[in-house]
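Quick notes on the structure that follows.
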Amino acid sequence: MQPEPHDIELSVNGTTYRRAVESRILLSDFLRHDLLLAGTHVGCEHGVCGACTILLDGSPVRSCLMLAVQANGHELSTVEGLANSDGELHPVQQAMHDHHGLQCGYCTAGILMTMTAFLQENPLPSEHEVREALSGNLCRCTGYQNIVDAMLAAAQAMRTAAP
Amino acid sequence: MTTRFFGAPVKRNEDRKLLTGQALFIDDVELPGMLHAAFLRSQVAHAQIKQIDVSRARKRPGVVAVYTAHDYGAYWQPGPLLVPPPPIPGIIFNQRTQVPLAKDKIRHVGEPIVVVVAESRYIAEDALDDIEVDLEPLPAVVDIEAGLAAASPHVHDDLDSNIAAHVRQTKGDYRSAAAKADLILKRRFRYEHGISSPIETRGVVAQWNARGRHMTIWDTTQAPVFVRNGLAGILGLGERQVRVIAPFVGGGFGPKIMMFYPEEVALPWISMRLNRPVKWIEDRLEHFFATTHERGQIHDAEMAVARDGRILGIKDVFLHDTGAYDPYGLTVPINSQCTLLGPYVVPAYDSTFTAVFTNLPIVTPYRGAGRQHGVFVMERLLDLAAHELKIDPAEIRRRNLIPSDAFPYKNDIIYQDFQPLEYDSGNYEPVLDKALEAIGYAKFIREEQPRLRAQGRCVGIGVACYVEGTGIGPYEGAKVQVQANGKVSVATGIGTQGQGHFTSFAQIVADQLGVDVTEVDIVTGDTDQFYWGAGTFASRGAVVAGNAVNEASRVVRQKALKLASDAFECSEDDLVIADGKVSIVGIPEKFITMGELAQRANPIRGAVKPGTEPGLESTQYFGPPMGATANGVHAAIIEVDPQTFELKVLKYVVVHDCGTVINPMILAGQIHGGVAQGIGNAFYEKLSFDDQGQLLNASLADYLLPTALEIPRMELDHTTTPSPLNPLGIKGAGEAGAIPVGPLFAQAIEDALELKGKKIELLEIPLSPSRVFELTRKAEIS
């Protein structure tokens, strides 16, 4: 009756994990409840709200729309890995703090992951481009304005920091 | 004091945890041996339950228990009435509260019938498919007008109709006002609100400790103290045996108050029976049915007006959809009834509503809590009157504003807090002036609109006013305590769902105690940390808990000065509190730190003077005599695409007066978020039910929450008229952004498409591109 577990090995924020998982376990559940990386949040489990966004080999994906077994052999990044080891916030995190870009903070992890990837791809975005990139992440608290301002500021900070 | 934090845009203390993924939300609670619950919910809206067979589910490996209503035994009781009806003469109220699991009858889609407890949520959900429920479907009550027809089926068989409540409130004499009117306008208005849909759904974790006979409940509630008291009662425990923790909560907006949800009742009972911790997290599909909504009203309203645009009186008869049960009493329709009056002088008012039971999910307050419905009716009536009387829409509003010397202003009807509706303070005209100036009202009408129209563009302007009763009682409390390490700990009973309490309350404390705002740790929503309180609702957290925090800090300050004056053998007048220490004026090197004073306040040896309390701490309470009335004006310039009817908000202005401001950055965030929800309500979000009570768009792919592309940039400004009802002068601000967006959009869209000339009136919310298209097409055809 119990389904056969599958052995998987993957890297999250630079740490390698080996686990045996049922094939049906969602990647979001695996990260949160097996690896106890609960900073990735689940909002809708149907790929609309974007709260569970993580990076898979550097690209944003919805961890609620993937199975843990599909992440076998891949490199993942989650919100827990954004700040550096001294605790210094990533420019995107810092800008969200500076611009009051979060209220309840539940959608925040997904927004941080989506936007770090976006700003790497587009270091000099217009406001409209930021809004378009952000439009796959739902936030019910902020009305987005402060997040947009934060991302424009983060883009500038990242450009200044980059050689 | 070196720095003043109160009134400054202080960045938030709580952000770091949230930004680094370290904040504890409900689904992050992991306990050894924890079980997981899933609920079998009705897929039909109205039915008799003939038989439930759970035998196959019980046999599934990994399933630990399966319970129906019959298994609850005496524990099965309808929920409490959270808010009794206000003391209004002649009121009819039929109390029918929700049940913990459906026993004989189903009354709405999503009502829970069976709860399965298993080793994992996956197995629990597998087992739901093993359950067979034999139902005899009944015709559903969906439409509130049809629900009052004699032939309608009844949601509650023991009532002889679907009337949940009937309330009439009057001010002055409408009939004689109408006799004097130059114009009487009469229309039917429909206003539907929607679901709050926080990005975090609800959840409950319960852990029974059999040895200690103690229950710990983590709950995404906005009202942890009420939940503790209520659950202790039904579980047969003392309140001290129950601890309710509302951890970080991912948005609330009202529906996370409603107690008791069936899951809140189920989980602690299950944990006690099985002696294991158990968790339930609502999924998004469940959220559409299992969390309360705020839905529709139909208003038949008329306004009697003088030729100069002055309101002589308003008569309104409306129906209110309360859903299958009415545990929250009449808060929503009373808010509609009272808030309709707005910032205007209305000499005569005759308002009657009937609340109707339907076979739809329960209605309880969602941000705005019925205020939108009333404001829509008033603002649209004023627009219609302005058009008929050829008065500018902004001007007709100005002519009716309550003058600044008329406060406190009495409205002679009863508000949701059971007190007479009285506006404590206000100065409305400058708010309107600022909004008109910021939007460029005169210039837009004179120059820009004609120029844009000449280019074939459909651009319109709107302006809408509102008041909001905020900061109602009964009370909140706070305990402020200086610790030996010099940090200040503050505990209060309210819950927090993103409002920035960890910062705004810290600002109040920091100023009183001369410490940095980051040295103040706030605990909210843990009943073991603070025992008493009501909760976070009705824009009351900052007003009521904020003033309690201020009062407790003030007493601690006095204690610190007393202790230091004893230590230095000097007068308290010679002391100054700053930078975490108390020093002698003019001799900064002569100081004692707040931490040392805290230690002195709890000596190990020696005699303590009679009447002295140990500890550098104080617990104080604050209860306002009535709610404080905030007000504001929203203005917008909106372009409509005449082909697709999609909108582009070219400019959006909010001018708001919520009394004294603690943190303008947090306040702006509250307004932004409120406007975004208002825009969703006005133009994007619609709950679509079929005639059998099925919700046809129960997913975020189909129920459209606005994204960053739909929400415009907003320009904010404020005026400050302090409330005389509390020492800090604060009025609430949480709901203001959401309240006037519907009439604002209707007005601006009508103007953009020049609908008045085509005899088309937008008298309903939500609108949408397809709905505006339908309404304009219908008019063209006829």
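Computed from the coordinates by the stated procedures, all read-outs in this text should not be read as laboratory data. In this text the structure is predicted, and so the values were computed from the model without any measurement. FYI the Cβ positions are ideal-geometry reconstructions off the backbone, even for glycines, and counts take in every protein chain you see.
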Could you run the Debye sum over the Cα atoms of segment B:543-624, one equal point scatterer each and no solvent, and tell me log10 of I(q)/I(0) at q = 0.19, 0.23, 0.27 Å⁻¹, two decimals? -0.86, -1.08, -1.27
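Which residues make up the longest stretch of chain B clear of trypsin sites (Lys or Arg not before Pro) that lie in a DSSP loop with no more than 13 other Cβ atoms within 10 Å, not counting the sites? Walk me through the numbers before you get to the answer.
On the way: sites that count: B:Arg4, B:Lys180, B:Arg211, B:Arg213, B:Arg307, B:Lys390, B:Arg605, B:Lys759.
It runs B:391-604.
Averaging the inverse of every distinct alpha carbon separation and then flipping it gives the Kirkwood radius. What is it for chain A, in angstrom units? Present the calculation step by step, with values, prior to reporting the outcome.
Values: mean 1/r = 0.0617 Å⁻¹.
About 16.2 Å for chain A.
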In segment B:469-543, what chymotrypsin sites (Phe, Trp or Tyr not before Pro) fall in a loop by DSSP, with at most 12 other Cβ atoms inside 10 Å? none
Share of alpha-carbon pairs per 10 Å distance bin for segment B:68-158, given as whole %: 12, 32, 34, 16, 5, 1
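Find how much the distance from B:Glu448 to B:Lys103 grows on full extension, using 0.36 nm per residue of separation minus their present alpha carbon separation; answer in nm with one decimal.
Values: separation 345, 0.36 × 345 = 124.20 nm, distance 6.31 nm.
Going from the current span to full extension adds 117.9 nm.
First measure r as the distance between the Cβ atoms of B:Ile587 and B:Leu709, then evaluate 1/(1 + (r/R0)^6) with R0 = 56 Å and state the FRET efficiency to the nearest 0.05. Write down the numbers at each step before the final one.
Values: r = 61 Å, r/R0 = 1.09.
Given R0 = 56 Å and the Cβ-Cβ separation, E is 0.40.
If you put +1 on each Lys and Arg Cβ and -1 on each Asp and Glu Cβ, how big is the dipole of segment B:1-89 around its Cα centre, in Debye rounded to 20?
The calculated dipole for segment B:1-89 is roughly 140 debye.
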Given the candidates A:Ala71, B:Ala464, A:Gly81, the one whose Cα lies deepest towards the positive end of the charge dipole of the protein assembly as shown, counting +1 at each Lys or Arg C-beta and -1 at each Asp or Glu C-beta, is B:Ala464
If you look at just the Cα atoms of segment B:285-404, how large are its Rg and its Dmax in Å? 16.3, 53
What is the sum of charges around B:Gln51, taking Lys and Arg as +1, Asp and Glu as -1, for the other residues whose C-beta is under 11 Å from the C-beta of B:Gln51? -3
Quick one: which of B:Lys479/B:Lys590; B:Lys180/B:Lys315; B:Lys686/B:Lys731; B:Lys256/B:Lys686; B:Lys651/B:Lys759 span more than 24 angstrom between C-alpha atoms? B:Lys479/B:Lys590; B:Lys686/B:Lys731; B:Lys651/B:Lys759
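Can you sort B:Ile604, A:Ile8 from fewest to most other Cβ atoms within 10 Å of each residue's own Cβ? If you can, show how the numbers build up before the last one.
Details: B:Ile604 5, A:Ile8 20.
Listing B:Ile604, A:Ile8 from fewest to most nearby Cβ atoms yields B:Ile604, A:Ile8.
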Starting from 0.36 nm per residue, how many nanometres of slack lie between B:Gln51 and B:Asn485 once their C-alpha separation is accounted for? 150.0 nm
For segment B:348-385 versus segment B:504-570, the gap between their alpha-carbon centres in whole angstrom: 38 Å
Kirkwood Rh and Cα-based Rg: tell me the resulting Rg over Rh for the protein assembly as shown, rounded to two decimals. 0.97
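Only bridges with both residues in the protein assembly as shown count here: give the DSSP antiparallel percent, nearest 5. Display every interim value, and only then the final one.
Numbers: 121 of 151 bridges.
Percentage antiparallel, nearest 5: 80.
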Mean projected area (nm²) of the alpha-carbon convex hull when segment A:91-161 is viewed from all directions: 3.9 nm²
Which three extents, in angstrom, do the Cα atoms of chain B have along their principal axes, listed largest first? 91, 75, 51
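Among DSSP bridges having both ends in segment A:5-81, what percentage is antiparallel? Round to the nearest 5. It would help to have the intermediate numbers written out before the result.
Numbers: 14 of 16 bridges.
So the antiparallel bridges amount to about 90 percent of the total.
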Given a Förster distance of 25 Å, the FRET efficiency implied by the Cβ-Cβ spacing of B:Glu569 and B:Tyr531, rounded to the nearest 0.05, works out to 0.10
Dimensions in Å of segment B:409-451 - Rg and Dmax from alpha carbons: 17.6, 52
Rounded to whole Å and ordered largest first, report the semi-axes of the equivalent ellipsoid of segment B:621-759 derived from its Cα gyration tensor (root of 5λ). 32, 20, 14
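Antiparallel versus total DSSP beta bridges in chain B: what percent is that, nearest 5? Display every interim value, and only then the final one.
Numbers: 107 of 135 bridges.
Antiparallel bridges: around 80 percent, rounded to the nearest 5.
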For the cross-link pairs B:Lys105/B:Lys279; B:Lys186/B:Lys756; B:Lys443/B:Lys758; B:Lys487/B:Lys581, which exceed 18 Å when the distance is taken from alpha carbon to alpha carbon? B:Lys105/B:Lys279; B:Lys443/B:Lys758
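How large is the dipole of segment B:515-555 about the Cα centre if only Lys and Arg carry +1 and Asp and Glu carry -1, each at its Cβ, rounded to the nearest 20 debye? Don't skip to the answer; put the middle values down first.
Numbers: 2 positive and 6 negative charges, 59 e Å.
Dipole of segment B:515-555, to the nearest 20 debye: 280 debye.
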Partners for B:Lys103 among aspartates and glutamates (Cα-Cα distance below 17 Å; same-chain residues under 8 apart left out): B:Asp53, B:Asp71, B:Glu111, B:Glu132, B:Asp134, B:Glu136, B:Asp157, B:Asp158, B:Glu263
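Take every Cα-Cα pair in segment A:5-81 and report what % of them are more than 19 Å apart.
When every Cα pair of segment A:5-81 is considered, 23 percent fall beyond 19 Å.
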Given unit charges at Cβ for Lys, Arg (+) and Asp, Glu (-), the dipole magnitude of segment B:566-723 about its Cα centre in debye, nearest 20, is 220 debye
Any aspartates and glutamates whose Cα falls less than 18 Å from that of B:Lys11, other than same-chain ones fewer than 8 residues away, would be A:Glu88, A:Asp98, A:Asp149, B:Asp511, B:Asp516, B:Glu519, B:Asp521
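Enter the mean projected area of the convex hull around the alpha-carbon atoms of segment B:123-232, in nm², rounded to one decimal.
Answer in nm², one decimal: 15.4.
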Mean-position separation - Cα centroids, segment B:726-782 and segment B:422-494, in angstrom: 18 Å
